Amino acid sequence: MRRTITVLSLLLVTTACATSPTGSSPATVADPMVSPILTGSDAVDTMTYAQPQEARVTHVALDLALDFEAKRVGGVADLRVLAEPGEEELVLDSNGLQISRITDGSGRELSYEIGERVEEGGKGAPLTIQLDGARNVSIQYMAPADAAALQWLTPEQTAGGEYPYLFSQGQAILNRTWIPTQDSPGIRQTWEARVTAPKPLDVVMSGVRQGEPEDLGNGRRAFRFVMDKPVPPYLIAIAAGDIDFQAIGPRSGVWAEPSALERAYNEVADTEEMIDAAEELYGEYRWGRYDMIVLPPAFPYGGMENPVMTFLTPTFIAGDRSNNGLVAHELAHSWSGNLVTNAVWEDSWLNEGVTSYFENRIVEAVYGEKRAEQEAALAFAGIEDVLAEVGMDAPGTALHHESTGAEIGSAITYDKGHFFLRTVENIVGRERFDAWLRQWFDNHAFQPATSELFYDDMMANLVVSQAEADRLMLREWIFEPGLPSNVARPDASAFAEVDTAVTAYANSGTIPAAYEGWTSAERVRFLDNIPKTRSAVQLAELDRTLELSSSQNNEILFLWLELALANRYEPAVPQTEEFLGRVGRAKFVSPLFATLWSEGDWGREHATRIYTETRPTYHAVTRGAVDRVMGRSE
Ligand code: BES
Ligand code: ZN
């Protein structure tokens, strides 16, 4: 019976999209009358309490006040609910929300219950509301100061040093700590928000800002936002601080603190070109504007693809745009991830792997084949390293795998996913592959997807013969661990010169004179591959000759600190301490603590001392990662 409804609603939504192929008419896609009651797939999200097949939220309207003193966000969430006539219960996700009152659209009290909270894994608790016929639900609530999605920065944690700052990070299941809704990637909601903040702070969200902020006359201003395309709830995001905007192209721009704006702008100045390149590859950019905000260095990720407002770490800024593949990546998510979304987190390769492939294609289009090939070769080396470490049979090395929290890094979800698509491209040819990927985005726009759907779609719309199917090994790629034998390896010559220099250095200690002229990827390749055991004299010589500890590129600085700490090189400690006190990006912070932690008493003493100072300055994501490294649990 349920299955029938699924198919029916899938048909309905497909029809709705077919009449609006650009997706630019959100009213059609978002109309509750044609939205599916099921997620559009049979995949079951075990990370949510929501029962979207019974009753689902189709629109969220937030009216929130930011309280920087108490570090709390609170107000009202009005939810529009789609449910069969007899359906009486709406189940939402909540993780620590303090609910004061729930009413229907006309102010009538509705009864509700918050179930038992699961401490492990962040799933939180079900918030079950008795609808009593209501299809509009109004929730008065407050997110506490320790809401894991939110980080409230002190003025000292900002570049300006004068005003506090707030940002959120929703993916994967953190938004339930500040928004009461159904927090599953398989469902989609339009949303709007009114947010008040103290002057002179500005607020941005992952929706389009409406008009000028309204001065409330009490030292506060109100900002309004609308996201009229249905998005998965993990993509609702907010940032507030002393920030300014600079335009890049007709539909792109960048926000950052005033003193950081010029450097930020310079690093992302190619964005409009990237959008053009992406559209050329896989079809129209459907979200209107593409703006970015470069956050303070406490942001726990490199970037986050919040629609119309990508969030970026400032630590990717190197002065020469060498790490701006990050922008290509977050931009690519405007198709893979934000248009077509993994229905469950076990399929996150559909977001991240497809995006990593797409990113590489944008880099190739804008910066040329050499840079793209080198970046792909670095990614491939990462896959090989991980497989060598965990074994070709490790279940977590299948693209479709249980999310374990502590992932096998990004090597599988991102890079094996990337190389899967590269392999398919290689076998069927670029022209056919690109046409296929474009129709994948078009035909599944604003819908969830699963590995099985991806496979079926390839079989239906790409593969032309059994012989070709045999050559592609699709199911092995998606569902089996390890690396299929047909993998399209990166061009072996991509790093020929660097690899020769690595051997020369390993054999005779010759530090390559060519290093200065190398690309960032070449430098990373070199530092990643030289012998791991070095004496203090050797490290000092490397640092002096290659100016590693004064590198403006954090990818290089990070590799240097790792190498130095792994050899208990004392001069690197103060710099590590400074870095860890300023930067909260988990990709850097967690391995540096792990390196120290693995260096006996020497390293553990340093790690413990530093972490005591820095732990309170980290976002919950980074704190969680370092706690695991150092064997702590809250
Ligand atoms: N969506 C991810 C960030 C993310 C992944 C947050 C999983 C929470 C759970 C984002 O697009 C991303 O991949 N960021 C990378 C960028 C890099 C691969 C260019 C990062 O932060 O390092
Ligand atoms: Zn990503």
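Could you let me know the centre-to-centre spacing of segment 156-209 and segment 63-139, using Cα atoms, in angstrom?
18
Could you please put Lys123, Lys370 in sequence from largest to smallest accessible area, using a 1.4 Å probe? Display every interim value, and only then the final one.
Numbers: Lys123 50, Lys370 125 Å².
Per-residue accessible area, sorted high to low, gives Lys370, Lys123.
Just want to confirm a number: the relative contact order over segment 46-242, from Cα pairs under 8 angstrom separated by 6+ residues, in percent. Mind showing how you got there, number by number?
Working: 505 pairs, mean separation 46.8, N = 197.
Relative contact order of segment 46-242: 24 percent.
What is the magnitude of the charge dipole of segment 386-484 about its Cα centre, with +1 placed on the Cβ of each Lys and Arg, -1 on the Cβ of each Asp and Glu, and no other charges, expressed in debye to the nearest 20? Intermediate results must be reported in sequence, preceding the final value.
On the way: 7 positive and 16 negative charges, 52 e Å.
That gives a dipole near 240 debye.
With every protein chain present, what is the per residue accessible area of segment 532-630 (1.4 Å probe, Å²)?
Numbers: 4260 Å² over 99 residues.
Averaged over the residues of segment 532-630, the accessible area is 43 Å².
Please report the net charge: other residues with Cβ closer than 14 Å to the Cβ of Asp434, K and R +1, D and E -1.
On the way: positive: Arg361, Arg422, Arg430, Arg432, Arg438; negative: Glu279, Glu280, Glu364, Glu425, Glu431, Asp442.
Result for the local shell: -1.
Hey, what did the chain get for relative contact order, percent, Cα under 8 Å, at least 6 apart? Walk me through the intermediate numbers first.
Details: 1227 pairs, mean separation 67.8, N = 634.
Relative contact order for the chain comes out at 11 percent.
What does the accessible area of Asp63 come to, in Å² to the nearest 10, when a probe of 1.4 Å is used?
Taking all protein chains as shown, Asp63 has close to 70 Å².
From Cα pairs below 8 angstrom and at least 6 apart in sequence, can you work out the relative contact order of segment 532-630, rounded to a whole percent? Show your work: numbers first, answer last.
Numbers: 81 pairs, mean separation 24.3, N = 99.
Reported as a whole number, the value is 25 percent.
Assuming R0 = 35 Å, what is the FRET efficiency of Arg568 and Ala269, from their Cβ-Cβ distance, to the nearest 0.05? Write out the running numbers ahead of the final one.
Working: r = 41 Å, r/R0 = 1.18.
Using R0 = 35 Å, I get an efficiency of 0.25.
Pop out the ³J(HN,Hα) list for segment 80-88 in order, Karplus 6.51 cos²θ - 1.76 cosθ + 1.60 with θ = phi - 60°, rounded to Hz; leave Gly and Pro as x.
9, 10, 10, 8, 4, x, x, 5, 10
Just to be sure I understand the model, the point goes 7 Å from the Cα along the line to the Cβ. What's the resulting Glu468 to Thr519 distance in nm?
3.1
Within 13 Å, Cβ to Cβ, of Leu79, how many net charges do the neighbouring residues add up to if Lys/Arg are +1 and Asp/Glu are -1? Don't jump to the answer; show the numbers that get you there.
Numbers: positive: Arg56, Arg80, Arg135; negative: Asp63, Asp78, Asp93, Asp104, Asp183, Glu192.
With Lys, Arg at +1 and Asp, Glu at -1, the neighbours total -3.
Looking at the square roots a ≥ b ≥ c of the eigenvalues of the Cα gyration tensor of the chain, which shape do they give, rounded for a/c under 1.5, prolate if a/b is larger than b/c, or oblate? List each step's numbers first, then the result.
Numbers: a/c = 1.72, a/b = 1.27, b/c = 1.36.
The shape class here is oblate.
Would you kindly derive the ³J(HN,Hα) couplings of segment 153-162 from the backbone phi angles with the Karplus curve 6.51 cos²θ - 1.76 cosθ + 1.60 (θ = phi - 60°), listing them in order in whole Hz, with x for Gly and Pro?
Values, residue by residue: 8, 6, x, 5, 8, 10, 5, x, x, 10 Hz.
Give me the number: length gained by fully extending Glu384 to Asp499, i.e. 0.36 nm times residue separation minus the C-alpha to C-alpha distance, one decimal in nm.
Working: separation 115, 0.36 × 115 = 41.40 nm, distance 1.62 nm.
Fully extending the segment from Glu384 to Asp499 adds 39.8 nm.
If packing is taken as the mean number of other Cβ atoms within 10 Å per residue, what is the order of 48-58, 210-220, 411-421, highest first?
Numbers: 48-58: 21.7, 210-220: 11.3, 411-421: 25.3.
By packing density, highest mean first, the sequence is 411-421, 48-58, 210-220.
At 0.36 nm per residue, and after removing the present C-alpha to C-alpha distance, how many nm does the segment from Asp276 to Trp602 gain when stretched out fully? Can you show the working numbers first?
Values: separation 326, 0.36 × 326 = 117.36 nm, distance 5.14 nm.
Full extension from Asp276 to Trp602 adds 112.2 nm.
Sort 593-602, 488-497 by the packing proxy (mean of other Cβ within 10 Å over each peptide's residues), most packed first. Please report the intermediate quantities before stating the final value.
Numbers: 593-602: 17.3, 488-497: 15.4.
For the peptides 593-602, 488-497, the packing ranking is 593-602, 488-497.
What do you get for the angle between helix 369-390 and the principal long axis of the chain? Use alpha-carbon atoms, 0 to 90 degrees, nearest ten.
90
Summing -39500 (n - 2.57) over the DSSP H runs of n ≥ 4 in the chain and dividing by its residue number, what mean residue ellipticity at 222 nm do you reach, to the nearest 500 deg cm²/dmol? Before the final figure, lay out the partial values.
Details: 20 runs with 236 residues, N = 634.
Helix-only estimate at 222 nm: -11500 deg cm²/dmol.
Would you list Phe433, Phe479 from the most to the least accessible area, probe 1.4 Å?
I get Phe479, Phe433, largest accessible area first.
Using alpha carbons only, how many degrees (0 to 90, rounded to 10) separate the axis of helix 451-461 from the longest principal axis of the chain?
In the chain, helix 451-461 runs at an angle near 90 degrees to the longest axis.
With a 1.4 Å probe and all protein chains left in place, how much of the accessible area of the chain comes from carbon and sulfur atoms, in whole percent?
Values: 12510 of 24830 Å².
Exposed carbon and sulfur together represent 50 percent of the surface.
Using the alpha-carbon atoms, what tilt in degrees (0 to 90, nearest 10) does helix 536-546 show relative to the longest principal axis of the chain?
For 536-546 against the chain, the angle is about 70 degrees.
Ser184: net charge of surrounding residues, Cβ under 15 Å, Lys/Arg +1, Asp/Glu -1, itself excluded?
Counting the neighbours of Ser184, the net charge comes to -3.
Considering amide H positions built from the backbone, and no H for Pro or chain starts, which residues 5 or more places from Ala488, or on another chain, come under 5 Å of its amide H?
Amide H neighbours of Ala488: Thr423.
Return the sequence-ordered ³J(HN,Hα) values of segment 217-226 in whole Hz as given by the Karplus equation 6.51 cos²θ - 1.76 cosθ + 1.60 applied to θ = phi - 60°, using x for Gly and Pro.
Values per residue, Gly and Pro as x: x, 10, x, 10, 10, 10, 10, 10, 9, 9 Hz.
Pull up all non-local amide H partners of Gly96: gap of 5 or more, or a different chain, and H-to-H distance under 5 Å with H placed in the peptide plane.
Under 5 Å from the amide H of Gly96: Ala125.
The values are calculated or read from the model by the stated rules, or taken from the named source; none is laboratory data. Computed from a prediction, not measured in an experiment: that's the story for all the values here. All Cβ positions, even for glycine, are placed from backbone atoms using ideal geometry, and neighbour counts span all protein chains on display. Keep in mind that these areas ignore ligands, DNA and RNA; they rest on the heavy atoms of the full protein, side chains included. Shrake-Rupley method; radii C 1.70, N 1.55, O 1.52, S 1.80 Å.
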